[in-house]
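The values are calculated or read from the model by the stated rules, or taken from the named source; none is laboratory data. Treat the numbers as computed from the prediction; the structure is a model and nothing was measured. For neighbour counting, all protein chains shown are included, and Cβ atoms are generated from backbone atoms with ideal geometry for every residue, glycine included. SASA here: full protein model, heavy atoms, side chains in, ligands and nucleic acids out. Shrake-Rupley method; radii C 1.70, N 1.55, O 1.52, S 1.80 Å.
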Amino acid sequence: MTFPRSVQPLPDVARALAVAAHPDDLDFGAAGTVARWIDEGIDVTYLIITRGDAGGFDETPREQMPLLREAEQRAAAKAVGVEQVEFLDGYRDGTLTPSIELRRDLTRVIRRYRPDRILTSSPLRRWERIAGPSHPDHLAAGEATTCAIYPDARNAFAFPELLRDEGLEPWVVREVWYHGGPSPDHVVDITDTYPRKLAALAAHASQTSHVDVESWMRPLLAFTARGAGLPDGALAEAFTVLRTA
Ligand SMILES: [Zn+2]
């Protein structure tokens, strides 16, 4: 199972919603691209499903981890220019499934925010590398978000209580961007916004302060850029972009 070829991104996107399982997912996978969207005038909101309470590497008391990681994600968002960051409540790091409850919670946010574009993690596993992008929480977030895009958010009869009790009208999201999936073929040159991505990653100190993020990320991003035929020294992130309407 793999993705079809990416489409050309829509030219008229006003609002984008980025959905992630954990704090730092968007910053590792897409922050350079999000920074470009901000520069283009797109209104971007982050929605993080868990507070990453199973992450970290040091002696930080576990009960402090959710608050710490929420604060880190807010600082990371600010570093790329994203002002709105929302967290869902009731989901624990390491336990995500594409449940009906999660689909309803995502549908609520989609109908409230009415994005043209959604960015999320790939629901497809990369079998050649059972790590990072293939974390089950990432796959679940991608799957639940895809289900919320179609059919839930656009179908008035899905979760009818959202319309009845909260007045949330159906909404059609037109485009989805997946990061971390197999064979991503839509490459974004992030050479200019790379410093903001680095700053965003540094903001996740509980996850990144023990590693040299620059010497870890630069070769990966340079490899992606080279594979797409970008000039020497260029850096890039890669996605699959699909039309959803
Ligand atoms: Zn993650």
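Here are the numbers for this structure:
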| read-out | value |
| --- | --- |
| Distribution of pairwise C-alpha distances over the stretch 35-106, 10 Å bins, in % | 18, 41, 32, 9, 0 |
| Probe 1.4 Å, accessible area per residue of the chain, Å² | 45 |
| Separation between Cα centres of the stretch 124-142 and the stretch 7-48, rounded to whole Å | 20 |
| Given the chain, longest segment not containing exposed loop GluC sites (Glu not before Pro) (DSSP; at most 12 other Cβ within 10 Å) | 129-245 |
| Of every Cα-Cα pair in the stretch 113-245, the percent that sits beyond 22 Å | 51 |
| DSSP beta bridges in the chain [antiparallel fraction, %, rounded to 5] | 30 |
| Protein accessible area in the stretch 165-245, 1.4 Å probe - carbon and sulfur % | 57 |
| Theoretical ellipticity at 222 nm over the chain - DSSP helices of four or more residues, -39500 (n - 2.57) apiece, nearest 500 | -12000 deg cm²/dmol |
| Residues of the stretch 129-173 with amide N under 19 Å of a point placed 7 Å along Cα→Cβ from residue 226 | none |
| FRET efficiency for residue 185 and residue 67, using Cβ-Cβ distance with R0 set to 41 Å, rounded to 0.05 | 0.60 |
| Contour minus Cα-Cα distance for residue 78 and residue 57 (0.36 nm per residue) | 5.2 nm |
| Between the stretch 56-112 and the stretch 143-173, the alpha-carbon center distance in angstrom | 21 |
| log10 of Debye I(q)/I(0), alpha-carbon scatterers only, for the chain at 0.09, 0.10, 0.12 Å⁻¹ | -0.36, -0.44, -0.65 |
| Simple label model, 7 Å out from Cα along Cβ direction - residue 100 to residue 216, nm | 4.0 |
